[in-house]
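Step one of this worksheet: look at the structure below.
Readers should treat all values here as calculations from the given coordinates under stated rules, not as data from a laboratory. Computed from a predicted model, the values in this text were never measured in an experiment. A quick note on method: Cβ atoms are made from the backbone with ideal geometry, for glycine too, and the neighbour counts reach across all protein chains shown.
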Amino acid sequence: MEVDGKRGVMRRPLRIGHRGAAAHAPENTLASIEKAIEFGVDVVEIDVRRSLDGFLMIMHDARVDRTTGRRGYVHELTRDEMSGVPTLADVIETVNGRAAVMVELKVRGIVGEALSAVGSHPVYLASYFHSEMLRARELAPEMKTIALMDGVPVSPIAFALDAKATHAGFGFDSLEPGVVELVHAAGLQVFTWTVDDPRDIAQAVSLGADGLISNFPDRLP
């Protein structure tokens, strides 16, 4: 959890809406994003993939089947064939500075395009592809980047530092006191997902997480 250096007090964790406010509206849609903003989130989290014709589409899965009623891989479909699925540019325009945006890059090779799409909007870039986070740091040295991790690596600090990330992201099941302390000692912040149960939210706060990612952003402190 971030410390306010001027006052020496603990700031509350950032309230991050998972795929917008996925428990209240269809995930990764403009409606879900609007709902998250309505709940007063600090950050809206979304997922990005590239379409066949080069647009950055907001879609978690590699295929569109689960969320659109259509079939096929995102990278094999054009934007028009995914009518109703927003682009990253659509999201930035919709948010319009009312919150930061956490952009999870689900595929390699789109860092430059993502940076162009977000412009000067406050953004966190996140990915399990840590080489993409390193590339983001090279292209935009001031960018906040999140090295996402499955489980707890032997050295989570090495993973994050090798990627020159500013944040480390852990699933809530992997969030341990020692891990949070190590990450903080290295000068990085910790985001955790997906905390929906009030007991999990309270636990994540007690462990010192700096950002809480939830499908129910209205439950976050």
Could you tell me what % of all Cα pairs in the range 151-198 have separations over 12 Å?
59
Quick one: plug the Kirkwood hydrodynamic radius of the range 90-174 (C-alpha pairs) into Stokes-Einstein at 10 °C, 1.306 mPa s, and report D in µm²/s.
121
Starting with the fewest neighbours, write out Thr166, Thr145 ranked by other beta-carbon atoms found within 10 Å of each beta-carbon.
Thr166, Thr145
Output for the range 126-156: GluC sites (Glu not before Pro) sitting in coil per DSSP, at most 13 other Cβ within 10 Å, listed by number, reads Glu142
Dipole size in debye (nearest 20) for the chain around its Cα centre, Lys and Arg Cβ +1, Asp and Glu Cβ -1?
220
I'd like to know how the range 1-106 sits against the 2.2 N^0.38 Å rule of thumb: what's its Cα Rg over that expected value?
1.21
Note: probe point = Cα of Glu81 + 7 Å toward Cβ; backbone nitrogen < 19 Å; residues of the range 99-124 passing the test are 107
Quick one: which residues, 5+ away or cross-chain, put their amide H under 5 Å from the amide H of Asn215? H built at 1.01 Å from N.
His18, Val195
Computed [θ] at 222 nm, helices only, for the chain once each DSSP H run of length n ≥ 4 contributes -39500 (n - 2.57):
-8000 deg cm²/dmol
Run through all the Cα pairs of the chain and give the fraction in each 5 Å bin from 0, expressed as whole percent.
1, 7, 16, 18, 20, 18, 12, 5, 2, 1, 0
Residue span Glu138 to Leu52: 0.36 nm per residue of separation minus Cα-Cα distance leaves a gain in nm of 28.3 nm
The answer for Gly171, listing residues at least 5 apart or on another chain whose modeled amide H is closer than 5 Å to its amide H, is Met149, Gly151, Trp193
Would you mind telling me the antiparallel percentage of the DSSP bridges in the chain, rounded to 5?
20
Could you state the per residue volume, in Å³, of the convex hull enclosing the Cα atoms of the range 44-90?
67
